[in-house]
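Asks: Quick one: structure below, then a few questions.
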Amino acid sequence: MHAIDCDVHPTIPGMSALLPYLDPFWRESVVEREISSLESISYPVNAPITARPDWKNASGRAAVTADEIGATVFGRWGADAAILNCLYGVQLVFNEDMANAFARALNDYIVHEFLERDARLRASIVLPVQNVEMAVAELERCAADKRFVQVLLLAMGESPLGRRMYWPIYEAAQRHGLPIGIHAGSNYRNPVTSLGWPTYYAEDYAAQSLGFQSQVASLVCEGVFVKYPQLKVVLLESGVSWLPGFMWRLSKFWRGVRMETPWIDRSPFDIVRDHVRLTVQPYDGPDDLAAIEKSIDHFQSDDMLLFASDFPHWQFDGDETMPRGIPERLHRKIRVDNPLATYSRLAALAQPAGS
Ligand code: ZN
């Protein structure tokens with residue numbers, strides 16, 4: 001086995017593609033209301049970062065079909081499997097019933113248009129997180145298909161993800177062996193910075209790491225990993241270098257005020273090393289190779305990084321999918337061993353054929 005690509009983004013052509021997967025009421029609603037597209041506004045269609053120029057097809061988009069993804073991710077880079085994290089904006093709509101209908105249609109679309117067209121593809125379950133009961137029901141419905149290997153949430157939602165209203169999602173995810181994938185992106189219920197709305201897209205994208213920091217702190221401090229000790233959380237497209245510094249800060253202040261969270265019986269950084277993983281693109285480290293190696297050392301763990309190309313997002317040029325400077329001795333772990341240890345449903349991939 002060569003590699004498992006843990007963050008790949010299929011593009012949905014538009015709401016018309018989901019029509020066959022909607023029930024008659026919602027199909028009619030989409031047509032009558034002329035709802036043509038639910039693009040994730042965290043990744044505007046024409047923003048340079050959304051699709052690398054050399055990966056765009058004649059329509060100006062990339063990763064629209066299983067073949068388009070497979071040609072690069074499997075054919076060119078030699079990955080053995082890839083996890084699809086679909087960012088189509090079903091988690092943005094305000095109507096809970098609509099969100100539920102659209103998430104169901106989207107998950108069914110992913111099955112029929114991607115998973116059934118290439119046996120190397122896996123996917124995350126997109127949850128209608130606007131309503132936790134509906135989210136759990138959708139998780140249960142999709143979990144029956146073992147090609148779904150993860151649950152997908154956004155880095156910035158209505159409330160911090162450690163809050164107890166979300167715990168039924170974690171109970172179901174743990175029971176089915178599904179990690180919680182938290183991907184960069186916002187449903188824009190709150191400003192993307194705690195100071196208020198920034199002006200430019202660069203500010204929005206850079207602020208994602210602040211969202212990830214708050215989510216990690218919330219999950220640890222609220223005791224999610226105490227309640228669900230088998231649960232894994234994967235930070236997707238979060239950047240990497242911010243984590244050790246933030247965990248030192250959180251662990252330091254936890255020591256001083258630990259009486260308010262007595263269920264946290266060890267350093268938050270130790271908890272995070274056991275439960276949290278990060279994909280390696282974009283790697284937001286320094287250019288100096290020795291400095292990158294040092295920044296990796298700051299994790300004090302070789303188990304936390306997972307290989308990902310973030311295809312078709314434009315995070316690197318050429319074919320250098322593994323960020324430069326990551327020590328050779330870690331490549332195999334990052335490409336294969338760590339993903340297999342994180343995604344229990346991928347274990348079958350490591351079995352010899354026929355066993
Ligand atoms: Zn991504």
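Asks: Which residue, of Glu39, Glu28, is surrounded by 16 or more Cβ atoms within 10 Å (Cβ to Cβ), among the charged types (D, E, K, R) and either part of a helix (DSSP H, G or I) or in contact with a helix residue (DSSP H, G or I) (Cβ under 7 Å, 6 or more places away or on another chain) (or both)?
Replies: Glu39
Asks: Taking region 236-247 on its own, how many of its residues are closer than 15 Å to Pro268 by Cβ and either open to solvent by 10 Å² or more (accessible area, probe 1.4 Å) or within 16 Å of the ligand (Cβ to nearest atom) (or both)?
Replies: So the answer is 3.
Asks: Moving to a separate point now. How do the pairs read when you match residues in region 82-98 that are within 16 Å of the ligand (Cβ to nearest atom) and of a type in the set (Ser, Thr, Tyr) with residues anywhere that are part of a loop (DSSP other than H, G, I, E, B) and open to solvent by less than 20 Å² (accessible area, probe 1.4 Å), using Cβ under 9 Å and keeping only pairs 6 or more apart or on different chains?
Replies: What qualifies is Tyr88/Pro10; Tyr88/Ile12; Tyr88/Ser40.
Residue-wise test of (1) among the acidic types (Asp, Glu); (2) under 19 Å from the mean Cα position of the chain (by Cα); (3) under 24 Å from Asn95 (Cα atoms); (4) more than 16 Å from the ligand (Cβ to nearest atom).
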site	(1), (2), (3), (4)
Glu158	yes, yes, yes, yes
Ile169	no, yes, yes, yes
Phe212	no, yes, no, no
Cys221	no, no, no, yes
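Asks: Is region 179-198 home to any residue that is among the basic types (Lys, Arg), open to solvent by less than 60 Å² (accessible area, probe 1.4 Å) and either in contact with a Leu (Cβ under 6 Å, 6 or more places away or on another chain) or over 24 Å from Asp302 (Cβ atoms) (or both)?
Replies: yes
Asks: Within region 267-301, work out how many residues are away from the ligand (no atom under 16 Å from the Cβ), open to solvent by 30 Å² or more (accessible area, probe 1.4 Å) and modelled with pLDDT under 95.
Replies: 11
Rundown of residues vs (1) part of a loop (DSSP other than H, G, I, E, B); (2) in contact with a Ser or Thr (Cβ under 8 Å, 6 or more places away or on another chain); (3) at pLDDT 90 or above; (4) within 16 Å of the ligand (Cβ to nearest atom), yes/no style:
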| residue | (1), (2), (3), (4) |
| --- | --- |
| Pro312 | yes, yes, yes, yes |
| Glu320 | yes, no, yes, no |
| Pro323 | yes, no, yes, yes |
| Arg332 | no, no, yes, no |
| Arg335 | no, no, yes, no |
| Asn338 | no, no, yes, no |
| Ala341 | no, no, yes, no |
| Ala347 | no, no, no, no |
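Asks: Determine if region 333-343 includes at least one residue that is open to solvent by less than 30 Å² (accessible area, probe 1.4 Å), within 27 Å of Ala202 (Cβ to Cβ) and in contact (Cβ under 8 Å) with a residue 12 or more places away in the chain.
Replies: no
Asks: Right, something else. List every residue pair whose Cβ atoms sit under 8 Å apart, with the two residues 6 or more apart in sequence or on different chains, where the first one lies in region 139-162 and is assigned to a helix (DSSP H, G or I) and the second, anywhere, is among the β-branched types (Val, Ile, Thr).
Replies: Close Cβ pairs satisfying both conditions: Leu139/Ile125; Leu139/Val151; Leu139/Ile169; Cys142/Ile125; Ala143/Ile125.
Asks: Go through (1) buried (at least 18 other Cβ atoms within 10 Å of the Cβ); (2) in contact (Cβ under 8 Å) with a residue 40 or more places away in the chain one by one and return the number of the condition Asp319 breaks.
Replies: (1)
Asks: Kindly indicate which of Ser194, Ser159 is of a type in the set (Gly, Ala, Ser) and modelled with pLDDT under 95.
Replies: Values: Ser159 fails: modelled with pLDDT under 95.
Selected residue: Ser194, the only one of Ser194, Ser159 that is of a type in the set (Gly, Ala, Ser) and modelled with pLDDT under 95.
Asks: Still on this structure, please answer the following. Please work out which one of (1) surrounded by 21 or more Cβ atoms within 10 Å (Cβ to Cβ); (2) within 16 Å of the ligand (Cβ to nearest atom) is the condition Leu18 fails and give its number.
Replies: Only one criterion in (1) surrounded by 21 or more Cβ atoms within 10 Å (Cβ to Cβ); (2) within 16 Å of the ligand (Cβ to nearest atom) is unmet by Leu18, namely (2).
The values are calculated or read from the model by the stated rules, or taken from the named source; none is laboratory data. Note that the structure is predicted; figures quoted are calculated from it, not measured. Cβ coordinates were reconstructed from backbone atoms using ideal geometry, including for glycine residues, and neighbour counts include every protein chain displayed. The protein model used for the area step is the full one, side chains on, heavy atoms only, and it has no ligands, DNA or RNA in it. Shrake-Rupley method; radii C 1.70, N 1.55, O 1.52, S 1.80 Å.
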